[in-house]
Amino acid sequence: MSSSWQTELAESFTDPQELLRFLQLDPTDFPDINLAHSVFSFKVTRSYAGRISKSNPHDPLLRQIVPLSDELYSPAEFLVDPVGDIAASVTPGLLQKYQRRVLMVMTGACAIHCRYCFRRNFPYSENIISKSREEEALTAISTDSDIHEVILSGGDPWVLSDEQLANRINALASIPHVQRLRIHTRMPVILPSRITPALLSILESTRLKVVVVIHANHPQELDHDVEQALNRLRIARCHLLNQAVLLKGINDTVEIQTTLSEKLFSMGVMPYYLHLLDKAKGTSHFEVTQAYAQNLMIEVRRLLPGYLVPRLVREDSGYPYKTPLD
Ligand SMILES: *Cc1c(COP(=O)(O)O)cnc(C)c1O
Ligand code: SF4
């Protein structure tokens, strides 16, 4: 029997027209929605959809997920693999770009399809650490004693079952030089019911220090259910950080960025990175220029204590860390 979060996930909206009806939106405001959906499929949980305001085609949460005709055309510098993930594979699905930390692509699945996603065109089938490829990846980690941190990413690693996660985490914890487990997940924001007692007990019982990096772009995403989920993670001794992507027309104002940081902090989450958009094919309409972003951060710094200012970064393939821009 599947647990309730799995049922909830299965009941996500996957037909964009159904979402438009649910939100009382006029389909003529969204030409080519079906065509854009056929290029990168549409998906959103009912929990997240419930935080989108009705009858507002410009809602900042809606704009993150609604397929638009803009996705069908993008300039040539918008690439299928903008950040060189494929070249960074150590074994299939195990990426290393930076020293002393590696990233495991656990799954290609997510609970939401963010239209700006840098992995929207990623060939997941050849690049996830499935059961059959697990041994190869774990051997690579255990033979390199410089690796102190393993990042579980995807897709969203928390779409996997508790059993799959527990097996993977236990295997990592048995490698003596691995000290930290980092989880990159949008689940606490997209499907807060995923943060179950069973998941918490896995996180609480590992010897590894656990860092959970959530992904919220806008304060409107952070409702009471999200707050409760974050609170449960904190009680389970997870360190909570947020990464966001700076998105045109969605969160590119001083007001939204300062409110986001303050609201995250009120829920126990420290702002970590604010990413400039990775230039993935089909995402050019979300792009904010670097100069604009840098000016925005100057204004944000005036208003917030330093610890609430996320680091503005850009990812350049082949560089030894995410490039700081301020
Ligand atoms: C972004 C990223 C990381 C994490 O970088 P930090 O600066 O440590 O947050 C690690 N590995 C890969 C492959 C990445 O893309
Ligand atoms: S949750 Fe993350 S990996 Fe999944 S579609 Fe959104 S940005 Fe991409």
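Within region 129-146, restricting attention to residues that are buried (at least 20 other Cβ atoms within 10 Å of the Cβ) and within 16 Å of ligand 1 (Cβ to nearest atom), which residue is farthest from Ser284 (Cα to Cα)? By that ranking, first place goes to Ile141. Annotation: Phe30 fulfils all but one of (1) within 17 Å of the chain's Cα centre (by Cα); (2) of a type in the set (A, V, I, L, M, F, W, C); (3) at pLDDT 95 or above; the unmet one is (1). Within region 115-133, the set of residues being free of Cβ contacts under 8 Å to residues at least 60 places away in the same chain and either touching a Pro at 6+ places or on another chain (Cβ under 9 Å) or not aromatic (Phe, Trp, Tyr) (or both) comprises Pro123, Ser125, Glu126, Asn127, Ile128, Ile129, Ser130, Lys131, Ser132, Arg133. Considered as a group, the residues in region 239-253 that are more than 15 Å from the chain's Cα centre (by Cα) and open to solvent by 10 Å² or more (accessible area, probe 1.4 Å) include one that is nearest to Ile151 (Cα to Cα), and that residue is His239. Against the test of being modelled with pLDDT of 95 or more, farther than 13 Å from Gly268 by Cα and either open to solvent by 40 Å² or more (accessible area, probe 1.4 Å) or under 20 Å from the mean Cα position of the chain (by Cα) (or both), the options Thr206, Thr196 yield a single qualifying residue, Thr196.
Ile256 fulfils the conditions (1) open to solvent by 60 Å² or more (accessible area, probe 1.4 Å); (2) more than 16 Å from ligand 1 (Cβ to nearest atom) except for a single criterion, (1).
Can you spot a residue in region 194-202 that is within 16 Å of ligand 2 (Cβ to nearest atom) and hydrophobic (A, V, I, L, M, F, W, C)? Scanning region 194-202 turns up at least one residue that is within 16 Å of ligand 2 (Cβ to nearest atom) and hydrophobic (A, V, I, L, M, F, W, C).
Yes/no per residue for (1) over 25 Å from Asp252 (Cα atoms); (2) at pLDDT 95 or above; (3) away from ligand 1 (no atom under 16 Å from the Cβ):
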position	(1), (2), (3)
Gln24	yes, yes, yes
Tyr48	no, yes, yes
Ile52	no, yes, yes
Val66	no, yes, yes
Ala76	no, no, yes
Ala88	yes, no, no
Met104	yes, yes, no
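Output yes when any residue across region 68-78 is open to solvent by less than 10 Å² (accessible area, probe 1.4 Å), away from ligand 2 (no atom under 11 Å from the Cβ), acidic (Asp, Glu) and over 25 Å from Leu23 (Cβ atoms), and no when none is. For region 68-78, residues open to solvent by less than 10 Å² (accessible area, probe 1.4 Å), away from ligand 2 (no atom under 11 Å from the Cβ), acidic (Asp, Glu) and over 25 Å from Leu23 (Cβ atoms): absent. Restricting attention to region 18-27, the residues that are open to solvent by less than 50 Å² (accessible area, probe 1.4 Å) and in a helix (DSSP H, G or I) total 2.
For Arg232, state whether it is more than 15 Å from Val288 (Cβ to Cβ), assigned to a loop (DSSP other than H, G, I, E, B) and open to solvent by 30 Å² or more (accessible area, probe 1.4 Å). Considered against the rule, which asks whether it is more than 15 Å from Val288 (Cβ to Cβ), assigned to a loop (DSSP other than H, G, I, E, B) and open to solvent by 30 Å² or more (accessible area, probe 1.4 Å), Arg232 comes out as no. Residue pairs whose Cβ atoms lie under 9 Å apart, separated by 6 or more positions or on different chains, with the first residue in region 241-259 and on the phi > 0 side of the Ramachandran plot and the second among the charged types (D, E, K, R), are Gly249/Arg63.
The values are calculated or read from the model by the stated rules, or taken from the named source; none is laboratory data. Quick caveat, the model's predicted, so the values are computed rather than measured. Note: ideal-geometry Cβ built from the backbone for every residue, glycine included; neighbour counts use all protein chains shown. Remember, those area values only see protein heavy atoms, side chains included, never the ligands or the DNA or RNA. Shrake-Rupley method; radii C 1.70, N 1.55, O 1.52, S 1.80 Å.
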